[in-house]
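Inspection log for the structure reproduced underneath, given as structure tokens.
The values are calculated or read from the model by the stated rules, or taken from the named source; none is laboratory data. Remember, it's a predicted structure, so these values are computed and weren't measured experimentally. Note: ideal-geometry Cβ built from the backbone for every residue, glycine included; neighbour counts use all protein chains shown. Side chains included, ligands, DNA and RNA excluded: accessible areas come from the protein's heavy atoms. Shrake-Rupley method; radii C 1.70, N 1.55, O 1.52, S 1.80 Å.
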Amino acid sequence: MVKDKGIEKKEMLYEGKAKQVYVTEDASKVIVYFKDDATAFNGKKKSQIEGKGKVNNHLSSLIYTYLEGKGVKTHFIQRLSDREMLVKAVTIIPLEIIVRNVAAGSMTRQLGVKEGTVLKKPIVEYSLKKDELGDPFVNEDHIIALEWATEEELNKIRSEALTINKLLIELFSKAGLKLIDFKLEFGVNKDGVLLADEISPDTCRLWETRTGRVMDKDRFRKDMGQVSEHYEEVLERVSKVLAV
Ligand code: C5P
């Protein structure tokens, strides 16, 4: 992989549960380092998934390049190495944007909807990124009234999230995978709102279309085994689709 000329990791700016962010000599760019650390249930379950960082970096790079090609503005600049990605520096909007196509996970627990129920239309949910509070649900009024995003930014986020959903459903379905739900994060820089963070089996629920086999982080959450192998299979399948 060719390094962006002159770009080197400097001091660490931030460490999250699965990634570290490093300053570079260019204030408009940062390097994201993908770790193998895995957490679930708001950090209560902790372990490592061997090779996960490499897979998530590679897969996110492929997906962000695909989305950029379809007109979605993202923070992605370049994959620098197995575990490093160069991205545009943004101020992260402190929200998790969740898009659901099929009921699973917290939706089944909170609303009593049967897992696997196909939703009549996609649902966009918002939660506040705040571990101490367990990432609580918030609505559009909270977001604007508490100034986590402006109304204009929120409209953009919602329409981008739905566009990304359509594009990802199409991509994953070509890879024989059904996109159940996923989480996005957005950031702001001088050019406006950009898709940030990552898109990977850590942040999406993906079921094999033919069999319903779980191919995502639920394998870790529910101790289903062969977690790395399934992450690698998702990468292989998506790589094949994007190579043609
Ligand atoms: O847990 P829940 O069912 O609300 O998750 C919905 C989707 O968002 C899942 O694909 C999950 O992996 C993702 N998610 C995430 N990070 C979180 C919470 C949810 O990537 N902190």
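Couplings for the range 88-100, taken from phi via the Karplus curve 6.51 cos²θ - 1.76 cosθ + 1.60 with θ = phi - 60°, read 6, 6, 9, 8, 6, 6, x, 10, 9, 9, 10, 10, 10 Hz in order; Gly and Pro are left as x. Scanning residues 5 or more positions from Gln78 or on other chains, those with amide H under 5 Å from its amide H are Leu86, with H placed 1.01 Å from N in the peptide plane.
Find, among the chymotrypsin sites (Phe, Trp or Tyr not before Pro) in the range 43-151, those assigned to loop by DSSP (not H, G, I, E, B) with at most 12 other beta-carbon atoms within 10 angstrom.
Values: sites: Tyr64, Tyr66, Phe76, Tyr126, Phe137, Trp148; in loops: Trp148.
Listed in order of number, the matching sites amount to none.
What you get for the range 9-91, charging only the Cβ of Lys and Arg (+1) and of Asp and Glu (-1), is a dipole of about 300 debye around the Cα centre. Taking the empirical scaling 2.2 N^0.38 Å for compact globular proteins as reference, the range 9-91 has a Cα radius of gyration ratio of 1.13. At 0.890 mPa s and 25 °C, plugging the Kirkwood radius over alpha-carbon pairs of the range 159-244 into Stokes-Einstein gives what diffusion coefficient in µm²/s? Calculated translational D: 178 µm²/s. Ile77 sits with roughly 60 Å² accessible to a 1.4 Å probe, with DNA, RNA and ligands left out of the calculation. Building the convex hull from the alpha-carbon atoms of the chain and averaging its projection over directions returns 13.4 nm².
Listed peptides 21-33, 192-204 appear in the order 192-204, 21-33 once ranked by packing, highest mean of other Cβ atoms within 10 Å at the front. Counted by Cβ distance under 10 Å from Met107, the other residues give a net charge of -1, where Lys and Arg count +1 and Asp and Glu count -1. Each residue was assigned an accessible area with a 1.4 Å probe, and for Leu242 the value is about 60 Å².
Would you mind classifying the range 51-92 by shape? Square roots of the alpha carbon gyration tensor eigenvalues, ordered a ≥ b ≥ c; an a/c under 1.5 is rounded, otherwise it is prolate if a/b is larger than b/c and oblate if not.
Numbers: a/c = 2.18, a/b = 1.37, b/c = 1.59.
Cα axes put the range 51-92 in the oblate bin.
Comparing Asp216, Asp191, Asp181 in a Gaussian network model of the chain where C-alpha atoms under 10 Å apart are linked, the largest mean-square fluctuation is found at Asp191.
Could you rank Lys70, Lys88, Lys45 by how accessible they are, 1.4 Å probe, largest area first?
Values: Lys70 110, Lys88 70, Lys45 45 Å².
Heavy-atom accessible area, descending, gives Lys70, Lys88, Lys45.
Accessible surface for the chain, divided over its residues, is 51 Å² per residue with a 1.4 Å probe.
Quick one: pull the percent of accessible area on the chain belonging to carbon and sulfur, 1.4 Å probe, ligands and nucleic acids left out. Please list the in-between numbers first.
On the way: 6430 of 12340 Å².
Solvent-exposed carbon and sulfur of the chain make up 52 percent of the total.
Per-residue ellipticity at 222 nm, computed for the chain from helices alone with -39500 (n - 2.57) per DSSP H run of at least four residues, works out to -9500 deg cm²/dmol.
For the range 32-167, just say rounded, prolate or oblate: build the C-alpha gyration tensor, square-root its eigenvalues into a ≥ b ≥ c, call rounded for a/c under 1.5, and beyond that prolate if a/b exceeds b/c, oblate if not. In terms of gyration-tensor shape, rounded. Put Thr74, Thr163, Thr39 in order of accessible area, highest first, and with a 1.4 Å probe you get Thr163, Thr39, Thr74. As a ratio to 2.2 N^0.38 Å, the alpha-carbon radius of gyration computed for the range 93-226 takes the value 1.08. Charge dipole of the chain (Cα centre as origin; +1 on each Lys and Arg Cβ, -1 on each Asp and Glu Cβ, all else neutral): 760 debye, rounded to the nearest 20. For the range 93-226, a simple Cβ point-charge model (Lys and Arg +1, Asp and Glu -1, everything else neutral) yields a dipole of about 900 debye relative to the Cα centre.
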